[in-house]
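Notes follow the structure.
The values are calculated or read from the model by the stated rules, or taken from the named source; none is laboratory data. In this text the structure is predicted, and so the values were computed from the model without any measurement. Reconstructed Cβ throughout: ideal geometry from the backbone, glycine too, with neighbour counts over all protein chains shown. Accessible surface areas use protein heavy atoms only, side chains included; no ligands, DNA or RNA. Shrake-Rupley method; radii C 1.70, N 1.55, O 1.52, S 1.80 Å.
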Amino acid sequence: MLALRTSPPVFTEAQVERIARDTYGLGVSVRSLPGERDRNFHLHTADRRDYVLKILDFNSSPEATDCQLRVLEHLAEQDSALPVPRVYPTTLGGEIGTVAGREGSYATCLMGYLPGELLASRSPDAPLLENLGAMLARLDVALQGFFHPGLGQRLAWDVRRLPELAAHATYLESPSLRREVQNAAAALKERLPALRSLRSQAIHGDCHAHNVLVDPGSSGISGILDFGDMVHAPRVLEPAVAMSELLAEERVSMQILPSLLAGYARRTALESAELELLYDLILGRHSATILVHAWRARHDAEGARVLEGSIAPTVRSMARLQEVGREALTESWRRALQDDAGPAHEPVPLARRQRLLGAGAELFYERPLHIVRGAGVWLYDARGLAYLDVYNNVPHVGHTHPEVVAAIQKQTALLATHTRYLHARILEYAERLTATLPAHLDACMFVNSGSEANDVAWRLAQFATGRSGGLVMAHAYHGITDAVAALTPSTGQPRDARVVTLAPPPHGLTRDDELPPDALEAAQRDVDRAVAVLAERGHAPAAFFVDTAITSSGIFDPPPLWGAGIAARLRAAGALIVADEVQYGLGRCGSHFWGFERRGLEPDIVTLGKPVANGYPMGVVVARRELIEAFQKKYGFFSTFGGNAVAASAALAVLDVLERERLQANAADTGRYLRDRLSVLTGRYPCFGAVRGTGLLLGLEVKESAAGTARQGAKRIINRLAEEARVLIGYEGPDASVLKLRPPMPFRTEHADRLVAALETAAGSLDQARPL
C-alpha cells in the first residue's frame, strides 16, 4: 500500500543547483522545502523568478507521475485562475526530467512557485475556513470530468483503506486506543456500501495545513499544493479530509469548523447522505494517521518522525469527537449549513404574504418554495434542501458567484451613488461591453432593468424615425413598464393599436437547416401584412423588437436567412431593429456572444437587463453615439442609479468570469450534450415532442398524453420535478406547453444528467397518468 513507507530521494542543494542548470537551463539559489515522499526545493534565479523542483519518490509509478501532470493541465483548461502550480519544460521540451541518484534514475518536475504562507503557520478563523471550503469546492468543480488510471492508486491515506490498515492495530501499545481505532475501522467498513453510492470524482484528497497557502495578513487562499495523493473517491471526502486534519492538528475548534463546510456547500451542494457519513470519514482519517504512524514506528523510523508530533493531538481530537458523538456533530453541521442560508428559516405563511403583497403576487409551483440561499446552479430552501436551478438566467455566471459578490462588496464600501459624478468604473464597463458589439453600436445608456432598457429603446426608436408603430413576435415579452407593456402581448395579440405581431419562424427548423424559399417568402409577406395593418391604423413602423432566442413565442432557432430576410423587409419599411438580449446575450447561445449574431441580424439598438450584473439591478441600451446624443439633447434623459459604480463593478466581474471560466464554450458543449440527451427522451416517451433552441436556452415540447392536454402535462411535469426531484424548470410558449430550460451558465453535463433523469421519471408516470 503506497505511502505507508516514506522514501524521499536524498539530494544536496549543490546537486539540485546542477540539476537546475543541466536539465532546465537555470542558474539558481536553492532552499529545501518539506515533503513526505518527494524531495522539494525552492529555486530562485538572479532575475527574481521562482520555481519549485520536485524530485519524485523512487517508488512512484510513471502512471502516477503522469496523473499529476495531466490534472494540472486539466485545471489550467477548466479554471485558469485556480491557484495551483504550473509545469515548466526541460531544456529538451519534456515535462519530466531524469537524474541519477542512490537507487537509480529519479524523475524531476519543475513547477511554478506560488506565493503565500502555509496554513500551518496560522490559527484559522471562521472567514479563512469559509474561504478554504469555497476554494476546495471550486477545485472539485474544476476536477469534474477528469479521469486518469493513476487515480486508482492504493494509498494508505485514503480513508476507505482503513479496514485494511486496521490489521496493524496490534502495533498500538494502548489497549483502549487500539479498541477505539478498531471500532472506527469496523464502523467505516459497515458504511462502505453507502459511501460507494455517493457522488464520486477525482479529488485532491490531501488538503491539510501543509498543502494550503494563504495570503499574509488576509483570509484569502493563495495556493493548493501537492497533487500526489489524488484518487477517484466520493466528493465529500475532500472537505472531510481538510476538516479532519485541522481538528487533528488542533488548529481549529469544533465550534468554527463548520465554516469550512458552509464555504464548500456554497459552491457545490452537499447532500443529506454525504453529511450522514461525514463523522465516520473524519474519525476514519484520524484513525488512519494513528495506524500509519504505528506501522512506521516498526518499519520506517524516518517516516515515523514525520508524524511524531501529530499523534498526541490526533488522539486527543479523536477522544473529543467520540465524546460529542456522531449524532450531535452531524446535527451541528446540518444546522450550520441551514444557518448559513440566511437569518430567517421560519416557514413563511402564505396568508401573511398575500396580506402584504396581494393575493395575486405570482408564485412558482403548486407547493411554493421557501428559497433562502443560492450557490452556482443550486438553490437551497429553509430546510437546507438543494434544488438544481434550470430556470434562472438572471444569475448569469451562477448564484452568488464569489468574484461578483466580492466586486459588489468592495465597491459598496467605497461609493454607491448616481452617474452625475465622474467615475471610471462605468466608463471601463462601457468600453469592455461595446468592444464585444459591432462598431456602430458604440455608446451606452444605463438604467436599472431590462424593462427600462426596452422602454428607453422604444422611445429612442420613435425619436429617431419620427414614427409610432411597433412590431414584435407573437406572444412576445419585453417588460413591465406601461410603454413596454404595449410590446408584450400576453395572448398573442397586442392590446395597443400601435403594435402588430409577426408569426414565429417555421417549427422544426434549426440554424443549420436550409430555409425553404417558400418559408422566407411567407415570412416577408407576413412583414408586409403587419406594416399594412399599422398603416390602416395610422401608424408607420418605428421599430421591430425581437428577443433573440424568440423565447416567449416558444423558443426557436431558425436559419439566419429567416432573421436577415425579415430584417431587410423591415428596414425597407423604415423600422429600426432592436435586439433584446436580456435572455440570450452574453454567450448563452454558445456559438456567439450575442444572440442577434446567431439570428443573422444587424441591430440598430441592443438592450440588456439584470443578467449583465448577475442580478444586481442594471439595464443597458447600446446604440450609435450620434443617436444617443441627439436624444439626450432633446430630452435630457437621466436614470438616477442607472450604471452606478456598484452595478458597473458587478457587470465587469461578470465579463471577467465569463472569459476566465469559458462559460460561452460551456454553453455550447453542455447545450449540445443536453440536446442529445433530450432527443433520446423524445424517441422514448410519447409525451415529449421536439427539442427546441440551442446552447443553454432549450425547450422541450410536451404533447397531449394520458395526463390530458399538453398544457396540463407540462404543468404536471414542472411540479413533479420541483417536488420530487428538486429540479426547477419553467414553461414557455402560447400554450404553456414547452418546458423552458434556461439555467445559470456554469450548468455542466453532470447537471444535465440529473435533469434528464428527473424528466425521464416524470415522463414515465405521465404517459400512464389520468387527466387532471
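Taking every Cα-Cα distance in the range 89-228 and sorting them into 10 Å bins starting at zero, the pair-distance distribution P(r) comes out as 9, 24, 30, 28, 8, 1 percent. Report in % the part of the accessible area of the range 271-360 that belongs to carbon and sulfur, leaving out ligands and nucleic acids; probe 1.4 Å. On the range 271-360, the fraction of accessible area on carbon and sulfur atoms equals 54 percent. The dipole here belongs to the range 124-178: it is taken about the Cα centre, uses +1 on the Cβ of Lys and Arg and -1 on the Cβ of Asp and Glu, and is about 240 debye.
In whole Å, what is the distance between the alpha-carbon centres of the range 83-133 and the range 437-486? Rounded to whole Å, the Cα centres lie 53 Å apart.
Report in % the part of the accessible area of the range 545-626 that belongs to carbon and sulfur, leaving out ligands and nucleic acids; probe 1.4 Å. All intermediate terms of the calculation are to be shown ahead of the outcome.
On the way: 990 of 1890 Å².
Carbon and sulfur atoms account for 52 percent of the accessible area of the range 545-626.
Each of 509, 129 has its accessible area taken with a 1.4 Å probe; listed largest first, they run 509, 129. Here the relative contact order of the chain, from alpha carbon pairs under 8 Å that lie six or more residues apart, stands at 11 percent. Annotation: lysines with alpha-carbon distance below 21 angstrom to residue 410 (same-chain offsets under eight excluded): 610. Each label point was placed 7 Å from the Cα along the Cα-to-Cβ direction; for residue 765 and residue 684 their separation is 1.7 nm.
For the chain, the longest principal axis of the alpha carbon atoms and the long axis of helix 402-412 meet at an angle near 70°.
Taking the chain as the reference, fit the longest principal axis to its C-alpha atoms, fit the long axis of helix 62-78 to the helix C-alpha atoms, and give the angle between the two in degrees, 0 to 90, nearest 10. Helix 62-78 sits roughly 30 degrees off the main axis of the chain. Over the chain, accessible surface divided per residue gives 41 Å², non-protein components excluded, 1.4 Å probe.
Of the residues 704, 428, 626, ranked by 1.4 Å probe accessible area with the largest first, the sequence reads 704, 626, 428. Subtracting the Cα-Cα distance of residue 417 and residue 70 from their residue separation scaled by 0.36 nm leaves 120.1 nm.
The shape of the range 168-235 comes out oblate: with a ≥ b ≥ c from the C-alpha gyration tensor, a/c is at least 1.5 while a/b does not beat b/c.
Calculate, in nm to one decimal, what residue 45 and residue 299 gain on full extension: separation in residues at 0.36 nm each, minus their alpha carbon distance. Don't jump to the answer; show the numbers that get you there.
Working: separation 254, 0.36 × 254 = 91.44 nm, distance 3.95 nm.
That pair, residue 45 and residue 299, stretches by 87.5 nm at full extension.
Computed with every protein chain present, the accessible area of residue 610 is close to 70 Å² [probe 1.4 Å]. The figure for residue 371 is an accessible area of roughly 60 square angstrom, using a 1.4 Å probe on the protein chains alone.
Placing dummy labels 7 Å off each Cα toward the beta-carbon, the span from residue 572 to residue 197 is 6.6 nm.
More than 20 Å apart: what percent of Cα pairs in the range 383-537 qualify? The partial results should precede the final answer.
On the way: 8295 of 11935 pairs.
More than 20 Å apart: 70 percent of the Cα pairs in the range 383-537.
When a 1.4 Å probe is rolled over the protein heavy atoms, the share of accessible surface on the range 39-150 that falls to carbon and sulfur comes to 51 percent. With a Förster radius of 30 Å, plug the Cβ-Cβ distance of residue 723 and residue 750 into 1/(1 + (r/R0)^6) and report the FRET value to the nearest 0.05. Calculated value: 0.85.
Please give the charge dipole size of the range 657-772, origin at the Cα centre, charges +1 on K and R Cβ atoms and -1 on D and E Cβ atoms. Round to the nearest 20 debye. Mind showing how you got there, number by number?
Working: 18 positive and 14 negative charges, 19 e Å.
The dipole of the range 657-772 has a size of about 80 debye.
Straight-distance candidates among the aspartates and glutamates for linking to residue 634, with alpha-carbon spacing under 16 Å and chain neighbours fewer than 8 residues away dropped: 626. For the chain, the alpha carbon convex hull comes to 189 Å³ per residue, rounded to a whole number.
I'd like the FRET efficiency for residue 322 and residue 121, computed as 1/(1 + (r/R0)^6) with the beta carbon distance as r and R0 of 35 Å, rounded to 0.05. Present the calculation step by step, with values, prior to reporting the outcome.
Working: r = 29 Å, r/R0 = 0.84.
Given R0 = 35 Å and the Cβ-Cβ separation, E is 0.75.
Of 421, 264, which has the most accessible area with a 1.4 Å probe, and how do the rest follow in descending order? Numbers along the way, then the final one.
Values: 421 140, 264 0 Å².
Largest to smallest exposure gives the sequence 421, 264.
Computed over the alpha-carbon pairs of the range 567-658, the distance histogram in 10 Å steps reads 15, 40, 34, 11, 0 percent, short to long. Cross-link partners for residue 715 among the aspartates and glutamates, with Cα-Cα distance under 18 Å and sequence neighbours closer than 8 places in the same chain left out: 362, 366, 389, 701, 704, 723, 724, 732, 735, 760, 767.
Among DSSP bridges having both ends in the chain, what percentage is antiparallel? Round to the nearest 5. It would help to have the intermediate numbers written out before the result.
Numbers: 61 of 80 bridges.
DSSP beta bridges in the chain are roughly 75 percent antiparallel.
Heavy-atom accessible area for residue 501, with the other protein chains in place and a 1.4 Å probe, reaches approximately 10 Å². Once both labels are positioned 7 Å from their Cα atoms along Cα-to-Cβ, the gap between residue 271 and residue 312 label points is 4.3 nm. What you get for the range 305-456, charging only the Cβ of Lys and Arg (+1) and of Asp and Glu (-1), is a dipole of about 520 debye around the Cα centre.
If R0 is 30 Å, what FRET efficiency do you get for residue 463 and residue 535 from their C-beta distance, rounded to 0.05?
Plugging the Cβ-Cβ distance into 1/(1 + (r/R0)^6) gives 0.90.
Reducing the range 563-639 and the range 277-340 to their Cα centroids gives an inter-centroid distance of 58 Å.
For the chain, the longest principal axis of the C-alpha atoms and the axis of helix 625-635 are separated by about 60°.
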